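Quick one: this structure, given as structure tokens, is what I'll be asking you about.
Read-outs throughout are calculated quantities, based only on the coordinates presented, and are distinct from any laboratory measurement. Every value quoted in this text rests on a predicted model; they were computed, and no experiment measured them.
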Amino acid sequence: MGEYKMVFGLGKGKIEVQLENYNLSPGDMIKGTVLLQLKKPVHARALKVLFIGEAVTRRTTPHGGGVSTSYQKTYVHKFEMPLDGEKDYSEGTYNFEIAIPKDILQRAGSMPMEGTIGNLVKAAQILTGTSKRINWYVEAKLDVPKGLDIRKKVQVNIV
């Protein structure tokens with residue numbers, strides 16, 4: 001399997017998320033590593049990894065001779081797993097595995113619809129100017145009580 005790697009540079013150092021695979025299916029395991037490299041020790045409540053499904057709903061409405069577009073974001077799935085507890089962090093490597101629920105797409109409402117009903121739903125979305133997509137992320141987060149959290153999001157595909 002290939003490796004997917006994203007790096008987040010920050011004045012304090014960096015946090016990196018490496019995944020074995022970023023094209024996944026319901027029932028698969030998300031396997032990866034969080035690499036933490038800070039320039040100086042930082043006291044934090046915890047180091048966590050999260051698996052997040054975020055629905056983005058776009059609405060377009062006629063407005064004064066033009067078109068107005070608004071976006072709304074809501075969580076359809078959020079799983080949080082601690083990798084380490086409260087302490088001073090400087091560097092470390094943390095492996096993780098997160099199981100993707102087998103029914104995640106049904107629960108998130110992102111099942112592709114086919115046939116007559118699917119076509120009717122798509123037509124209604126076009127007429128009302130409403131569309132919805134779900135973005136899936138794995139996020140590593142160093143929860144810093146005083147100051148900004150150090151975090152990095154990596155997008156994954158659930159199909």
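What is the extension gain from residue 90 to residue 146, computed as 0.36 nm multiplied by their sequence separation minus the C-alpha to C-alpha distance, in nm to one decimal?
Working: separation 56, 0.36 × 56 = 20.16 nm, distance 1.60 nm.
Net length gain for the segment: 18.6 nm.
If each residue of separation counts as 0.36 nm, what is the full-extension length gain between residue 107 and residue 25 once their alpha-carbon separation is subtracted? Intermediate values should be presented prior to the final figure.
Values: separation 82, 0.36 × 82 = 29.52 nm, distance 1.41 nm.
Extra length from residue 107 to residue 25 when fully extended: 28.1 nm.
Using 0.36 nm times the number of residues separating residue 63 and residue 14, minus their current alpha carbon distance, what extension gain do you get? Can you show the working numbers first?
Numbers: separation 49, 0.36 × 49 = 17.64 nm, distance 4.42 nm.
In short, 13.2 nm is gained.
Would you list, by chain and number, the aspartates and glutamates whose Cα falls below 18 Å from the Cα of residue 14, excluding same-chain residues fewer than 8 positions away?
List returned: 84, 88, 91, 139, 143, 149.
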